[in-house]
Amino acid sequence: MTIVAVAMIVNVITMNKRVKRENQMKKQKPFFVTFEGDDGCGKSTQLKLFLEYLQNKGYDFISTREPGGTIVAEEVRRIMLHLKEDISAEEEFLLVSAGRANHVRTKIKPALNEGKIVVSDRFYDSSFAYQGAGGVSFDKIKRITEDVIQGCEPDLTFWLCIKPERTVERRVVRNGEYQDRFEEKNLDYHNAVFENYEKVAKMYSKRVCVINADQTIENVFKDVVSAFEKLY
């Protein structure tokens, strides 16, 4: 086979891949996916696998996180996770809400308007779980959040559900890695977080998919993909 023939074959394969990706992008609709769960549930691993899955399927998507996702919101994240001074749960919630408003306005909504899939490592359900565990009422969180997100609701939320007792060993510092102020909380706090996630799953049962995270990484991922493909 001549060099010219090989080059032609490569060009055809490349073109076919590009056409397939363009057709996939034309068919796709905007979709907002969030991943939730307490520290040590395996969320980061499943999120990484899901993003690889989307990429392999040729979907047009963006990945983001909360707190964070924008320059402004990343500053909020830095304060939230590493602040040495004590702040109240209500002050935490107002801080993260300010970052969330910027995140929604400048990143999430524009991406959805462009027809992209948006995948976020946490969204407002984390406020119910964490600031709720700190004493902020669900009514207050819901009321302020509705103003902040302006109708920008997730289409699908994965709650990686695992008992707090099973995540204790996962939250142990690995190789000298720094623990943030939420990971340092005691078991009672994380039990409250778990209970709040249970409440959120009941409140938003149409979009929250409860995933049993107390199984192999492969089986958890199968459950994630199966739930996504049923809706998208």
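Structural remarks
- Neighbourhood charge, 13 Å Cβ-Cβ cut-off, centred on ALA73 and excluding it, Lys, Arg +1 and Asp, Glu -1: +3
- Ranking of TYR204, TYR59, TYR124 by count of other Cβ atoms within 10 Å, fewest first: TYR204, TYR59, TYR124
- Span per principal axis, largest first, for the Cα atoms of the range 35-231 (Å): 45, 37, 34
- For the listed residue pairs LYS116/LYS140; LYS43/LYS202; LYS116/LYS163; LYS43/LYS142, the alpha carbons are over 27 angstrom apart in LYS116/LYS140; LYS116/LYS163.
- If you plug the beta carbon distance of ASN219 and LYS27 into 1/(1 + (r/R0)^6) with R0 = 30 Å, you get a FRET efficiency near 0.55.
- Going from the fewest other Cβ atoms within 10 Å to the most, the residues LYS107, LYS48 appear in the order LYS48, LYS107.
- Under the criterion of Cα pairs below 8 Å and six or more residues apart, the relative contact order for the range 35-231 equals 30 percent.
- For the range 96-169, a crude dipole built from +1 on the beta carbon of Lys and Arg and -1 on the beta carbon of Asp and Glu, taken about the Cα centre, is about 180 debye to the nearest 20.
- Near PHE158, once Lys and Arg are set to +1 and Asp and Glu to -1 for all other residues with Cβ below 9 Å from its Cβ, the sum equals -1.
- The lysines within cross-link reach of LYS84, meaning a Cα-to-Cα straight distance under 18 Å and a gap of 8 or more places when in the same chain, are LYS185.
Only the coordinates and a few stated rules stand behind these numbers; no lab work does. This one's a predicted model, so the numbers in the text were calculated from it and none came from an experiment. FYI the Cβ positions are ideal-geometry reconstructions off the backbone, even for glycines, and counts take in every protein chain you see.
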